[in-house]
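Asker: Sharing a structure here in structure tokens format.
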Amino acid sequence: MAKVFIYPTTSLILSDMVARFGHEPLGSALGIRERIQTAGFDSPPLQVTPEEPKKGLRWAAVEVPSGVRGRMAIIGPQIEEADAAIIINDADLAFGCMGCARTNELVMYLLRHRGIPVLDLTYPRSEEEGEIFVAAIREFLEKLPKGGNAE
Amino acid sequence: MKEYQPRYRGTHTVYVFVESPDLTPQDLSLRAYEAAPDLMIKETCFGLQITGEPARVASVVATLRALDPTHIFVKDRGFPPGDPRRCRANLGGARPGFFGHEFELSLIRYISHGLAALPHRDGGESALEVLERRKKKPLDPGRIRALFEAEVSSHG
């Protein structure tokens with residue numbers, strides 16, 4: 001079972017596809033779960049404490065906004081842990097009240113810089129594109145070690 | 001700063017989304033209760049949230065997924081259900097993260113179609129090759145040079 005980083009990190013479709021084809025999806029829910037289930041100081045809403053931007057210094061320089069560094073404290077370890085990545089390039093939902101465009105750029109850079117297999121996709125807008133989308137993910141995941149089969 | 005003690009430590013919470021013509025969230029929740037009376041199961045407008053010991057949650061998810069594999073989708077969640085930091089009962093408005101799910105659910109019928117069509121694709125053209133062929137290629141430097149030269153020569 002390979003660890004596959006998904007972007008957008010909150011994507012329902014990618015998370016389901018990766019798990020369905022027998023691999024482990026790495027997304028933001030896992031990082032948030034880890035923080036929510038760890039005792040410490042109360043830091044609502046996401047239990048991201050003032051310590052996190054310091055951890056983020058591993059991936060982003062000190063002059064980079066603390067919001068980017070705090071996010072990287074969650075996403076950075078997953079990028080380092082990942083054996084492969086699937087990216088949806090037209091995901092507007094990755095930017096907004098919970099997402100950060102600069103973090104997204106840094107995530108893309110780090111993924112491509114690591115040299116792991118990366119599958120680039122766009123959201124399907126028709127049934128024919130849906131077929132290609134699903135089949136491409138299956139083919140990509142089958143090439144990874146210990147791939148599973150579709151149900 | 002005050003102390004924080006987590007609830008439901010060591011559990012996993014997953015979302016189960018159902019977008020099926022044959023199965024409603026209510027049907028799904030009944031099946032889930034039958035399969036796992038010991039887990040915390042919450043029925044929602046889009047499906048279920050299931051919380052419990054990780055191995056038990058995974059086994060119930062596999063049971064539910066088998067009911068309609070091409071129309072049931074599963075995703076991990078960081079928070080347990082009803083958490084006051086996320087639950088809209090406390091915050092008002094949509095739960096943060098709902099809009100992302102709403103957007104992806106609007107496209108999920110194409111994914112369902114793709115999953116249903118998977119067995120018919122075996123032996124056909126590789127989808128990765130199709131994607132590669134459709135990818136926008138950068139303009140060839142030789143072609144740019146030819147365009148420049150044509151432009152320069154036309155102005156004599």
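Asker: From the list A:VAL4, A:VAL48, pick out the single residue that is over 25 Å from B:CYS87 (Cβ atoms) and of a type in the set (A, V, I, L, M, F, W, C).
Answerer: None of the others qualify; the one that does is A:VAL4.
Asker: A further question follows. Going by the structure shown, is B:GLY47 within 28 Å of A:ARG35 (Cβ to Cβ), of a type outside the set (A, V, I, L, M, F, W, C) and loosely packed, with under 15 Cβ neighbours inside 10 Å?
Answerer: no
Asker: Go through the residues of the range A:24-34 one by one and say whether even a single one is touching a strand residue (DSSP E or B) at 6+ places or on another chain (Cβ under 8 Å), closer than 20 Å to A:GLY99 by Cβ and assigned to a loop (DSSP other than H, G, I, E, B).
Answerer: Yes, some residue in the range A:24-34 is touching a strand residue (DSSP E or B) at 6+ places or on another chain (Cβ under 8 Å), closer than 20 Å to A:GLY99 by Cβ and assigned to a loop (DSSP other than H, G, I, E, B).
Asker: For A:ILE36, state whether it is surrounded by 22 or more Cβ atoms within 10 Å (Cβ to Cβ), without any contact (Cβ under 8 Å) to a residue 24 or more places away in the chain and within 14 Å of chain B (Cβ to nearest Cβ).
Answerer: The answer is yes for A:ILE36.
Asker: So, one more: Regarding the range A:53-61, can at least one residue be identified that is among the aliphatic types (A, V, I, L, M), without any contact (Cβ under 8 Å) to a residue 12 or more places away in the chain and farther than 23 Å from B:PHE98 by Cβ?
Answerer: Yes.
Asker: Mind counting the residues in the range A:85-104 that are at pLDDT 90 or above, within 11 Å of the chain's Cα centre (by Cα) and not in a strand (DSSP E or B)?
Answerer: 1
Asker: Now for a separate question. Scan the range A:41-67 for residues that are aliphatic (A, V, I, L, M), more than 14 Å from every other protein chain (Cβ to nearest Cβ) and either crowded, with 21+ Cβ neighbours inside 10 Å or in a loop (DSSP other than H, G, I, E, B) (or both) and jot them down.
Answerer: Selection gives A:ALA60, A:ALA61, A:VAL62, A:VAL64.
Asker: If you don't mind, there's one more thing I want to ask. Could you say which residue among B:ARG95, B:ARG77 is without any contact (Cβ under 8 Å) to a residue 12 or more places away in the chain and under 20 Å from the mean Cα position of the chain (by Cα)?
Answerer: Exactly one residue qualifies, and that residue is B:ARG95.
Asker: To continue, here is another question. Can you confirm whether the range B:70-82 contains a residue that is of a type in the set (A, V, I, L, M) and away from chain A (no Cβ under 11 Å)?
Answerer: Within the range B:70-82, not a single residue is of a type in the set (A, V, I, L, M) and away from chain A (no Cβ under 11 Å).
Asker: Taking the condition hydrophobic (A, V, I, L, M, F, W, C), in a helix (DSSP H, G or I) and more than 28 Å from A:PRO145 (Cα to Cα), does A:LEU110 pass?
Answerer: no
Asker: How do the pairs read when you match residues in the range B:103-130 that are facing chain A (nearest Cβ under 7 Å) with residues anywhere that are polar (S, T, N, Q) and crowded, with 17+ Cβ neighbours inside 10 Å, using Cβ under 8 Å and keeping only pairs 6 or more apart or on different chains?
Answerer: Close Cβ pairs satisfying both conditions: B:GLU104/A:SER11; B:LEU115/B:THR70.
The values are calculated or read from the model by the stated rules, or taken from the named source; none is laboratory data. Because the structure is a prediction, the values reported are computed rather than measured. Here Cβ is always computed from backbone atoms with ideal geometry, including for glycine, and neighbour counts include all displayed protein chains.
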